[in-house]
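The values are calculated or read from the model by the stated rules, or taken from the named source; none is laboratory data. Quick caveat: nothing in here was measured; it's all calculated off a predicted structure. Positions of Cβ are backbone-derived with ideal geometry, glycine not excepted, and every protein chain shown enters the neighbour counts. Ligands, DNA and RNA are stripped out before the accessible areas are found, and what is left, the full protein with its side chains, is counted by its heavy atoms. Shrake-Rupley method; radii C 1.70, N 1.55, O 1.52, S 1.80 Å.
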Amino acid sequence: MNGRAVVGGRELTAGSRVRLRPRGGADIFDLALLGRTATVERVEEDMEGGLHLVVAVDDDPGRDLGARDQLGHRFFVGLDEVEPLPQDAAFRKVLVAGIGNVFHGDDGFGVEVARRLAERPVPDGVAVTDFGIRGIDLMYALGDGYRTAVLVDAAARGEEPGTVSLIEPDPGSDDFGGAAVDAHGLDPARVLRLARGSGPVPPRILLVACEPSAQTTDATWDMELSAPVRAAVGEAVRLIEGLLVKELQTHADTTHADTTHAGTEGGSVA
């Protein structure tokens, strides 16, 4: 069956996008899927008449294997386990991109921040995605119509380990203040240059960077964050949540101003 279902007053069909909210919480798949965004591939009806969704997780690097329902790349979820996402590109306001390699110690900082954020309520128009080391996926996402992108990564800036910094390059620039990002080969500046070469990117790009410990290098093999960087995760989450409030308000004010201006230009005085 490839039909339709209604969740929260929104009609879901093949192609609809949702955020996953598994009910179980204890199963390893529930933990892995919690807060992830996905695309509905079809709506299916079981023998009792109940509806379920077959979804592909957006940031699954093996999702293309799922055309034949490959195990681990297609998931069956209930209607009460999803939150519909806005479909219109106009709603794509802010992308929060976690970057890093979880096998290289403190380089997993951005991934952990994205995981924490995905477990918390996220406003409409905000997408939180763990890109890991998938630079090409991040490049395409930067061209997906967002107005602001917040990149989250470990970056050496000569500060004390665990220091969280907010860096914003000049418009049209790829310079993140000399932040060195080497441990995973996914340099935000390089990805941004590639994205600009492919088309429009968000007008505002921000980097939330955390200073890694001195021993974290591309040769580090450790799935644990150091104590100062682990302590900085909560600080980064709070910083980003504050940024989201400001960014969404700015976008709302801009949209209102544009609408009012357009209405004034198009109106007439009786």
Calculated from backbone phi, Karplus (6.51, -1.76, 1.60) coupling profile of the stretch 40-48 in Hz, x at Gly/Pro: 6, 9, 6, 10, 10, 10, 8, 5, 8
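From Cα pairs below 8 angstrom and at least 6 apart in sequence, can you work out the relative contact order of the stretch 93-136, rounded to a whole percent?
Working: 67 pairs, mean separation 21.9, N = 44.
Averaging sequence separation for qualifying contacts and normalising by length gives 50 percent for the stretch 93-136.
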Give the accessible surface of the stretch 73-166 per residue, rounded to a whole number of Å², with probe radius 1.4 Å and ligands, DNA and RNA excluded. 39
May I ask you to derive the FRET efficiency for GLU235 and PHE103 from their Cβ-Cβ distance with R0 = 35 Å, giving the value to the nearest 0.05? 0.90
Would you kindly state how much longer the chain becomes between GLU119 and MET223 on full extension, computed as 0.36 nm times their sequence separation minus their alpha carbon distance, in nm to one decimal? 35.4 nm
Expected vector for the stretch 113-126, Karplus 3J(HN,Hα) from phi with 6.51, -1.76, 1.60 and θ = phi - 60°, integer Hz, x for Gly and Pro, equals 4, 4, 4, 4, 5, 5, 7, 10, x, 10, x, 4, x, 10
List the residues of the stretch 113-154 whose backbone N lies under 18 Å from a point placed 7 Å from the Cα of GLU83 along the Cα-to-Cβ direction. 113-130
Between THR13 and ARG193, what length in nm is gained on full extension when 0.36 nm per residue of separation is reduced by their alpha carbon distance? 61.2 nm
Listed by chain and number, the residues whose amide H is under 5 Å from that of PHE75, excluding neighbours fewer than 5 places away on the same chain and using placed H, are VAL55
Vicinal HN-Hα couplings computed from phi for the stretch 230-241 (Karplus, 6.51 cos²θ - 1.76 cosθ + 1.60; Hz; Gly/Pro x): 4, 5, 7, 4, x, 4, 5, 4, 5, 4, 5, 4
